[in-house]
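Notes to accompany the following structure.
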Amino acid sequence: MNVTIENANGTREEHCALLADTSSGTTASGSEEESLSRSSKMKIRRRTVRNQRGHCPLPRSVRRLGFFTLCFFFAFVLLLIYLPLIYMDVQKRNVSLPDWTYNTSRNVRDYVDTLQDSDTATIVPREFCRKKTFLIIAVCSGLGNFVQRQTIRETWGNTTEFNYPAFEKMHRHLKGHYLMPKAERLRLYSEYLSGSTNNLRATVRIVFIVGRSQYEANETSTRLHNESEQYNDIIQENFIDSYNNLTLKSIMALKHISQSCGNSTAYFLKCDDDTFVNVPNLLHFLLGGTIPLYNDTLDYHDRSTFLVMSAQNRLNDTTEVMRGHQFCNVLPVSDISSKWYMPYYMYPRETYPKYLSGAGYLLSIDVVQRLYEASLNTSIVYLEDVYITGLCAQRAHIKRQHHPLFSFIHSKHLCSFKGTIAQHQLKGDTMVEAWNYVSDYSIECPPPGRYLNHIRLRKSSNC
């Protein structure tokens, strides 16, 4: 009940009176109050003080209603703040791409003749895929990148010299610190291999994938024709060669490899012409071995993958192989000045699916066929790696797997090239420098320290 108290200044205040009902309906007597425990007395005093100050406790239902009202208010405020930001991001991504406008068809069937016997290629190597080939490396190259192609031919692309025997030469000082190939895989792939155990060689074929010039005849087209006659390693497809058409280039490559090499090839590696590929390391991995650990490659690993003596880091699969540097939770770029800008009409979702870097990814031949078939029913997105290894792989239900030794950049430490499979963004001089270092088998790069260097290892990623 409320009690009115008159102050000395003549004003009146209402307070909540504390009543302690007894069985007779009266307040507790002095003797009964003395019988209460000390803690009970303190509780009564605190409540009395609060009541005398005019604080009447609200019912629990009222307090709960107030709490939910406050939460709703804050949620509404946050919505008002972030909704314009989301809208602004969509608005930023409304600028059209010059090569892929809103009205440009993104149906793959409009660019690729899907008939089995048809061929969209204007230049094809002679006798291509007529023989058993363990690994085909398709290098996506710009039409005018003659120097880059020649650099690859003279360095890591010389697979006559840079073949599996080079693996033992590179890592001989670390023998016993990595896993050797599995005997059953050597038997399984025996038709692709030649030589004795100490001089084992695999059949590897490198081809360069290019488009055509927008002009019917020019000096570049003439040089390309002469280049293909001399080296017999050019596949030219019938589309305009540009950065925004890289997806078309890769789709054409998938079609050509799946239709021409499906019964004669085991594995396929796609890379760019500024990628350095350590072919012996790649062959060792494909045969079920592990790559030795170096001090300059430790940062590529996590606490699971650095265990190179563990069987869990072997390649055991022969089908559904899709390995490379995996990206997760990547947002489309809204900056129109970026080469990776993505318009909303081409990709309206908030994040890309998991995908592998286009710098270099490895596929078993069955995956090549499945990705090509998936592309025929997947609208084109001009970012090649997002499209092929993200959207098409997702449609085909193919699991992408991260491999730490595929890098989308390159290291400044030359020893890292001895212990990785692929590194990206190497210009001409850097490519030659890396090759000279890797092919100098007298150089023995140090392994990581035994204890303290392992602190550098990252936790295993859930990506």
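Rule-based calculations on the coordinates, nothing more; no lab input. Worth saying up front: this structure is predicted, and the values here are computed from it rather than measured. Glycine also receives a Cβ, built like all others from the backbone with ideal geometry; neighbour counts cover every protein chain displayed.
One table, with the values for the structure above:
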| quantity | calculated |
| --- | --- |
| Partner lysines for residue 92 [C-alpha distance under 19 Å; skip if fewer than 8 residues away on the same chain] | 339 |
| Stretchable slack from residue 395 to residue 175, in nm (0.36 nm times residue separation minus alpha-carbon distance) | 75.0 nm |
| Nitroxide proxy distance, nm - points 7 Å out along Cα→Cβ at residue 215 and residue 339 | 2.4 |
| Three-way shape call for the stretch 96-243 based on the alpha-carbon gyration tensor, with the a/c threshold at 1.5 | prolate |
| Computed lengthening from residue 146 to residue 377, 0.36 nm per intervening residue step minus Cα-Cα distance | 79.7 nm |
| Contour excess over end-to-end distance, with Cα ends at residue 242 and residue 441 and 0.36 nm allotted per residue | 67.8 nm |
| Förster radius 45 Å - calculated FRET efficiency between residue 182 and residue 109, Cβ distance, rounded to 0.05 | 0.60 |
| FRET E, pair residue 456, residue 226, Förster distance 35 Å, beta-carbon r, rounded to 0.05 | 0.10 |
| Spin-label model distance (nm) - residue 309 vs residue 413, 7 Å beyond Cα toward Cβ | 2.1 |
| Other-chain or far-sequence residues with amide H under 5 Å of residue 358's (modelled H) | 385 |
| Pair residue 299, residue 153: separation of 7 Å Cα→Cβ label points (nm) | 3.6 |
| Cleavage-rule hits, GluC sites (Glu not before Pro), the stretch 341-398, DSSP coil, Cβ neighbours within 10 Å at most 16 | 350 |
| Cβ charges +1 (Lys, Arg) and -1 (Asp, Glu), total dipole of the stretch 108-456, debye | 1160 |
| Hits among lysines - C-alpha to C-alpha of residue 459 under 23 Å, sequence gap 8 or more where chains match | 354, 399 |
